[in-house]
1. Per residue, what accessible area does the range 92-225 have, given a 1.4 Å probe and all protein chains present, in Å²?
2. Taking all protein chains as present, what is the carbon and sulfur share of the accessible area of the range 59-122, in % to the nearest whole number, probe 1.4 Å?
3. Taking the 0 to 90 degree range and rounding to the nearest ten, how far is the long axis of helix 86-111 tilted relative to the main principal axis of the chain, both from C-alpha atoms?
4. Between the helical axis of 125-146 and the dominant principal axis of the chain, each derived from Cα atoms, what acute angle in degrees is found, rounded to the nearest 10?
5. Please state the charge dipole magnitude for the chain, taken about the Cα centre, from unit charges on C-beta atoms (+1 on K and R, -1 on D and E), reported in debye and rounded to the nearest 20.
6. Two decimals is fine: what's Rg over Rh for the range 42-153, C-alpha atoms, Kirkwood radius as Rh?
7. Within 10 Å, count the other beta carbons around each residue, average over each peptide in 290-299, 400-409, and list them highest first.
8. About the Cα centre of the range 90-233, how large is the charge dipole given +1 on each Lys and Arg Cβ and -1 on each Asp and Glu Cβ? Please answer in debye to the nearest 20.
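The values are calculated or read from the model by the stated rules, or taken from the named source; none is laboratory data. Fair warning: this is a prediction, and the values are worked out from it, not measured in the lab. Backbone-built Cβ (ideal geometry, glycine too); neighbour counts: all protein chains shown. To get the accessible areas, we keep the full protein, side chains included, count just its heavy atoms, and leave off ligands, DNA and RNA. Shrake-Rupley method; radii C 1.70, N 1.55, O 1.52, S 1.80 Å.
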Amino acid sequence: MNAIGHGGRSVAILALMALTACALTLLGGMAASLVYTDWEPWVRGTGLTLQHLRPIHESFAFAWVFLGGVTIVHAWLISLGGPLTGAERTRFRAMVALWCTAGAGIMVSLLAGRFTGREYAGYHPAFGAMILAGWALFAWNFFARAGFSLRGKPVYVWMWTAAIPLFAITFLEANAYTLEWVSRRPLRDIAIQWKSNGVMVGSFNLLAYGSMMWVAGKMRGNDGYAHSSTGFLLFAVGIINTFTNYGHHTFHLPQTPWVHWVSFLISMIEIILLAKVAIDLWNLRRKAPAPPDLAVAARFASSVTLWTFLMLASAIAMSVPPVNSLIHGTHIVTAHAMGTMIGIDSMILWCAVSWAARQLAGPDHAAVRDPWMRRAVTALDIGLVTFLSLFAVRGAAAGLSRQLGPSAPDLSLFVAQFPWLMVVAGWSLAATALFMVGRWMSAFAAALRAPAIESAPDAPKSAPVPDSQRVTV
């Protein structure tokens, strides 16, 4: 088993929090899917409705991505300066206490029917204040170690440095509805809500993408890509799109036309990212197989490349105004949102979590070496393709019916069967993910039970990195 220091314990704690949020997201989605079937009266008989289940599902989905990113950032901080010091450890414990309290409060209050009805902020603002306070402590620890200067830093540090203040700003914007100046003006409220949500998604994308770049460098034993001009170009395009992508959702608002055009044109620049991913896909075919103890993480990395290609292609298509008018408000938008959350952000973080589990629990743990874990990644890909295809066909049926009227293709039989098809595909996908989450949680729990000794520092960048050092957090 690998040596685990106090720093490794903090990473394990955050990983368990992130995976708990992931499990609650999956369970909430499974329960919510039954609302669309003949089981809805039974669900309602338990005292739950879609009003309860949807905000639970989306709130903990956001928590999963942010906590997963924060987990890997903490692993990097520890590799940078060793275990947390006394003051850092105090701030870390306060951060964990605030976030655990907020998470428990959000779950209890939402189940009790206390929700705001806001997108991604369906819980009481008091819990939002706890989340923001914990984020401030996280930012304090980050900048205390990483510093504010970005000179000579790898691109993933740039991504994390941008993501931290972006989240704080957009989180405050998401709660601007508590001000009468906003809540009494519906158009302003909708514009601010979508703008804040779009940039908030961009901030957790930066956390996730930076995590993937650092972990990929550790797996290869080479951090060169994070210092390349290509890496910084992708960061530049991504950060610009973070501030403009909300326009995809506001074509229907009476905004100034240049807002829509800027959003559209910046989205088209994402063709750069699409071309890069296409090159990655080609190079992936020629890669040597990963060692058995890194096979699960490497398999997720391949899935990320595939799903990034697919989701960017769909995002560019959806940004074209005529297409946007056809699919806006249909299940196609839902499929794209879930595809990016699961296929890109979650796949990235599952890759990173798998690597971290190998770091902390050792290369022989079942979560690392079990062949069923590798097969589960393939099952996730197949299940996600099936799940999203069902949503895409359902959305196309609605869009075509709206645009063509009686001359639209007759897909009424599929539409009638869609709820049950969605439940079967969704539950299969969620069950596979829960199997993997359970394995990873057992790995991090084992890491917490192990004797605490100091971890060895990372090897210098210029020196060859042996596998035994490459896996040290």
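1. Working: 5790 Å² over 134 residues.
Computed with neighbouring chains in place, this is 43 Å² per residue.
2. Values: 1420 of 2280 Å².
Here carbon and sulfur together make up 62 percent of the probe-accessible area.
3. The angle comes out near 30 degrees.
4. Here the helix axis deviates by roughly 40 degrees.
5. Working: 32 positive and 20 negative charges, 122 e Å.
Value, rounded to 20: 580 debye.
6. Numbers: Rg = 17.2 Å, Rh = 15.7 Å.
Ratio of gyration radius to Kirkwood radius: 1.09.
7. Working: 290-299: 19.1, 400-409: 12.0.
Result, highest mean Cβ count within 10 Å first: 290-299, 400-409.
8. On the way: 13 positive and 5 negative charges, 48 e Å.
Using Cβ point charges on Lys, Arg, Asp and Glu, the range 90-233 gives about 240 debye.
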